[in-house]
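Structure record follows, encoded as structure tokens.
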Amino acid sequence: MFRKDLLEMLRSAPRSVADIAAQFELEPRDVEDDLRHLLKSVRHTGYRVTITPARCRHCGFIFNANKLHKPGKCPLCRETWISPPLIHIEATAHP
């Protein structure tokens, strides 16, 4: 049931792992495994996954889109002012 709720939540608006965890009153690390599984399985259905990667708000460094959690520090400037990655799922248009 949790993954179905997660799918609907991510279809409504882009969210971070921390936002999802807060919504379901869970720890972010507990959400990440279910989220990875959901993202794998939706790619084979009528949905498209968009991940906006984490970005350093100090120097603009863009992290790898495979990371779903917010990194601790920027590898370039070592600042901690980082925007978290956002995950969004949208239905693909059928011809």
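Hey, among ARG29, ARG48, ARG43, which residue is at pLDDT below 95 and under 16 Å from PRO14 (Cβ atoms)?
Values: ARG29 fails: under 16 Å from PRO14 (Cβ atoms); ARG43 fails: under 16 Å from PRO14 (Cβ atoms).
Every option except ARG48 fails the conditions.
Taking CYS59 as the residue in question, decide whether it is under 22 Å from ARG29 (Cα atoms) and assigned to a loop (DSSP other than H, G, I, E, B). Write out each step before concluding.
Values: under 22 Å from ARG29 (Cα atoms): no; assigned to a loop (DSSP other than H, G, I, E, B): yes.
Considered against the rule, which asks whether it is under 22 Å from ARG29 (Cα atoms) and assigned to a loop (DSSP other than H, G, I, E, B), CYS59 comes out as no.
For the stretch 77-92, does any single residue satisfy the condition of being in contact with a helix residue (DSSP H, G or I) (Cβ under 9 Å, 6 or more places away or on another chain), closer than 19 Å to MET9 by Cα and of a type in the set (Ser, Thr, Tyr)? Please lay out each step first, then the result.
Initial filter on the stretch 77-92 (in contact with a helix residue (DSSP H, G or I) (Cβ under 9 Å, 6 or more places away or on another chain)): 84-91.
The next check asks that each one be closer than 19 Å to MET9 by Cα; those that pass are 84-91.
Narrowing the set further to residues that are of a type in the set (Ser, Thr, Tyr) leaves none.
No, the stretch 77-92 contains no residue that is in contact with a helix residue (DSSP H, G or I) (Cβ under 9 Å, 6 or more places away or on another chain), closer than 19 Å to MET9 by Cα and of a type in the set (Ser, Thr, Tyr).
Among the residues of the stretch 61-78, is there at least one that is surrounded by 11 or more Cβ atoms within 10 Å (Cβ to Cβ) and of a type in the set (S, T, N, Q)?
No, the conditions are met nowhere in the stretch 61-78.
For the stretch 50-60, name all the residues that are exposed (fewer than 15 other Cβ atoms within 10 Å of the Cβ) and touching a Leu at 6+ places or on another chain (Cβ under 8 Å). Write out each step before concluding.
Taking the stretch 50-60 as the starting set, the residues that turn out to be exposed (fewer than 15 other Cβ atoms within 10 Å of the Cβ) are 50, 57-60.
Within the stretch 50-60, CYS59 is the sole residue that qualifies.
Every residue in the stretch 31-56 that is out of contact with any helix residue (DSSP H, G or I) (no Cβ under 7 Å at 6 or more places or on another chain), assigned to a helix (DSSP H, G or I) and either closer than 17 Å to SER83 by Cα or charged (D, E, K, R) (or both), please.
Within the stretch 31-56, ASP33, ARG36, LYS40 qualify.
Give just the number: which of (1) surrounded by 15 or more Cβ atoms within 10 Å (Cβ to Cβ); (2) touching a strand residue (DSSP E or B) at 6+ places or on another chain (Cβ under 8 Å); (3) without any contact (Cβ under 8 Å) to a residue 24 or more places away in the chain does ALA21 not satisfy?
Checking ALA21 against (1) surrounded by 15 or more Cβ atoms within 10 Å (Cβ to Cβ); (2) touching a strand residue (DSSP E or B) at 6+ places or on another chain (Cβ under 8 Å); (3) without any contact (Cβ under 8 Å) to a residue 24 or more places away in the chain, the one that fails is (2).
Scan the stretch 79-95 for residues that are of a type in the set (S, T, N, Q), at pLDDT 95 or above and exposed (fewer than 14 other Cβ atoms within 10 Å of the Cβ) and report the count.
Of all residues in the stretch 79-95, those of a type in the set (S, T, N, Q) come to 80, 83, 92.
Now narrow it down to the ones that are at pLDDT 95 or above: 80, 83.
From what is left, the residues that are exposed (fewer than 14 other Cβ atoms within 10 Å of the Cβ) are 80.
Within the stretch 79-95, residues that are of a type in the set (S, T, N, Q), at pLDDT 95 or above and exposed (fewer than 14 other Cβ atoms within 10 Å of the Cβ) number 1.
The values are calculated or read from the model by the stated rules, or taken from the named source; none is laboratory data. Just so it is clear, the structure is predicted and the values come from calculations on it, not from any experiment. Glycine gets a Cβ as well: all are built from the backbone with ideal geometry, and neighbour counts include every protein chain shown.
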